[in-house]
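Down below is the structure, laid out as structure tokens.
Values quoted throughout were computed directly from the atomic coordinates according to the rules given, and no laboratory measurement underlies them. Predicted model, so just to flag it, every value in this text is computed and none were measured. So basically every Cβ, Gly included, is an ideal-geometry build from the backbone, and we count neighbours across all protein chains shown.
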Amino acid sequence: MQAALAAGRVAHQPPSVGLSVVTLNLHKPHRIRFGGDRLALDVLPPGPRLPVAVQTAAWAIRPWDFMERCAARYGDTFTMRLAGERPWVLISHPETVKEVFTGPPGLLHAGEASRFLLPVVGANSVLLLDEDAHREQRRLLMPPFRGNHLTSYADTMTAVAKAEIARWPRGKPVRLHPRMRALTLEVILRAVFGLSEGTRLDQLRAELVRMLTTGTSGPAFVLAILAPQRIRAAVARRVLRGVDRLLYAEIDKRRRADHLDEREDVLSILLQARHEDDRPMSDVEIRDELITLLVAGHETTATALAWAVERLVRHPDYQARLTEEIHTGEQQFCDAVVKETLRLRPVVSLVGRRLKAPMQIGGVRLPAGVLVAPSIYLMHRRADIYPDPKRFRPERFLEQRAGTYTWIPFGGGVRRCLGAAFAEYEMRIVLSTLFDSCTVRPTSERSEPVGRRGITHVPGRGAMVVLD
């Protein structure tokens, strides 16, 4: 999920000020300085007049509450000021979001907004590229996530889901979120990396688990986000050393394999891809994109699945309806569950674009350098688009289709997540497999609070359920 990685580095910053209730104060529009020089056109939309440290803490601790309070006070467009960042201008009106998603790629750089990921995903990652370089890399990556290629992963996803779910405990409380992470990692190892049972699969799985554990929590992760680029790069090299060694070995082995054109995994398809000048992708390019697909599609899909189950177990009528549909072989309601989950519990809060030149957006002329950020969360909570927006109601997506600029869990425009269809497809298969094999009930009637794991918004109790 590319949108998950565009949320920005400040989401990880540890709070410097304890915060339970955020009080917002009216104030005049921001005037800003970049590089010490006042801009000629320097008036930003209004926003909270709180110290930067307090705004950063509010964003780190309670981002949804902070955005809601800002939107209630300032409307569809407001400015946030966060530590170590140029101003963020958050937007949540459909027409304004459309302007950003359809605006000139040369003026709206999503890759530049995600540069903090460079030490992990590498310079060739489609997430970090802009303009022509992004278009070319996206063209190379697109085929495995379209049409027949996508449906070819069904058997792999189903087999992994059945094997993983069969190992989950029955009749006692279990936290589903970590188990969903193990499941989605296995899907990537098999469908993306193209590995089957054996030593290479076991070794890479172990290294990836170590990398992901280090990279999404703990002191090493905080250091990697907050430290200067040189230190972040050194930490990333150390964490990734084992993964890179195994990946480059696998790429080399696969290049020399027979019948490469008969394989359907993403790695094998990328090895056959050609640039516009007929050059094959280099080993480094392929490594960077494999890590990108892992980082963007593992934790995000696992979190969305955990939230889907957390919502369904508190709505027995919807669980019954889903189970009944599964037995008929249909998928319409399951798809609606997926879409409603991603609406009500978006995995990340926003996507970002760095302005490269002054630009009028939503009737406001914004200066170069600011981060324009369509808010996924605020868009999905608009009562004028989604009546009774806080209610989990999957049938709303049976009554009308998801809007291009109003349902945006995967971002939009030329930067819409390449793996969006893959993620939704995987979610439908996993949910169908789970609810076809057992009944799931909650351990508490209370909804789970929203917690953080890296940049993702996760079930605060880990999606605690009982499987029968």
Anchor Lys356: aspartates and glutamates whose Cα lies under 18 Å away (excluding residues fewer than 8 positions away in-chain): Asp37, Asp42, Glu85, Glu99, Glu112, Asp130, Glu131, Asp132
Neighbours of Tyr153 by Cβ distance under 14 Å: Lys/Arg at +1, Asp/Glu at -1, summed charge -2
Taking the mean number of other Cβ atoms within 10 Å as a proxy for protection, how do you rank 132-145, 330-343, 248-261, 288-301 from highest to lowest? 288-301, 330-343, 132-145, 248-261
Does segment 237-380 come out rounded, prolate or oblate, given a ≥ b ≥ c as the square roots of the eigenvalues of its C-alpha gyration tensor, rounded meaning a/c under 1.5 and, failing that, prolate meaning a/b above b/c? oblate
Hull surface over four for the Cα convex hull of segment 408-468, reported in nm², is 5.5
Can you give the calculated 222 nm mean residue ellipticity of the chain, where each DSSP H run of n ≥ 4 adds -39,500 (n - 2.57) and the sum is split over every residue, rounded to the nearest 500 deg cm²/dmol? -14500 deg cm²/dmol
Scoring only Lys, Arg, Asp and Glu (+1, +1, -1, -1) among other residues with Cβ under 13 Å from the Cβ of Trp64 yields +4
Cα radius of gyration and Dmax for the chain (Å): 21.9, 67
Checking the a/c ratio against 1.5 first, then a/b against b/c, what shape does the Cα gyration tensor give for segment 100-198? prolate
What is the sum of charges, Lys and Arg at +1 and Asp and Glu at -1, for the other residues whose Cβ falls under 14 Å from the Cβ of Asp388? +3
For segment 300-446, just say rounded, prolate or oblate: build the C-alpha gyration tensor, square-root its eigenvalues into a ≥ b ≥ c, call rounded for a/c under 1.5, and beyond that prolate if a/b exceeds b/c, oblate if not. prolate
Kindly write out, for segment 54-63 in residue order, the coupling ³J(HN,Hα) from the Karplus curve 6.51 cos²θ - 1.76 cosθ + 1.60 (θ = phi - 60°), rounded to whole Hz, with x marking Gly and Pro. 6, 4, 4, 5, 4, 5, 6, 8, 9, x
